[in-house]
Amino acid sequence: MALTREIHPATVAAIAAGGFHPITLVFVDWPDDPVRVHSGTGTLNWGGHEWMGVGYDALNAALSLPSEAQGLTMAEGGAQIGGSPDLIDQYLIDAEDARNAEVQVWFGVTTARAGRVLIGDPFSVFYGSVGAVSDTEQWAGDIVERLIDLQLTYGPSQRARGSAYHTYEDQLRTDPADTAGRWVKQARADLAEGIPKW
């Protein structure tokens, strides 16, 4: 099997053996109150942090990752955070500051269904940021649920302007044997010299 990511050997072995128990971990660097959840149940300790289990169905319904694509365009996905109206109101106070907050998603395997004991380390499947933030309400039986909708993005925004400045000295620090920077510098000087001056 050809791997496109670095995956812990124990995780690869568990997946290759079949019958494994998947887990997804999500981190949102929400202002003043980072969110760490996983698709199992209970509290999971990993990476020096506690991750709260929200259940597979809840996380699966709440998370839509952008598809992987090559190129320089921004790709979009989404996530939802739900809870009591008071909790949602508190999160919405920070909504403006949450734009561009870091979002990371990992996939891994556990020793049991909906478990909390990892086999190897989870591997990264998404690294991006929060885009737009909005809130919605929906009926769940006789109760109104409040949800925060997060736009998840990675890659540069279509509205971003990019620029690059690379000097001959930068090139020498990177690769002292590469003389292309010098040749380009001289070619530009020759071109500027050949431009008619009126």
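The values are calculated or read from the model by the stated rules, or taken from the named source; none is laboratory data. Remember, predicted model here, so these are calculated numbers, not experimental data. All Cβ positions, even for glycine, are placed from backbone atoms using ideal geometry, and neighbour counts span all protein chains on display. Accessible surface is based on the protein model in full, side chains and every heavy atom, while ligands, DNA and RNA are left aside. Shrake-Rupley method; radii C 1.70, N 1.55, O 1.52, S 1.80 Å.
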Output the residues belonging to the stretch 108-124 that are surrounded by 18 or more Cβ atoms within 10 Å (Cβ to Cβ) and in a strand (DSSP E or B).
Gly108, Val109, Thr110, Leu118, Ile119, Pro122
Just checking, does the stretch 163-176 include any residue being modelled with pLDDT of 70 or more, among the charged types (D, E, K, R), surrounded by fewer than 16 Cβ atoms within 10 Å (Cβ to Cβ) and at negative phi?
yes
Write out, first by first residue and then by second, each pair whose Cβ atoms fall under 7 Å of each other, whose residues are 6+ apart or on separate chains, and whose first residue, in the stretch 137-156, is open to solvent by 70 Å² or more (accessible area, probe 1.4 Å) while the second is among the β-branched types (Val, Ile, Thr) and not in a loop (DSSP other than H, G, I, E, B).
Glu137/Val144
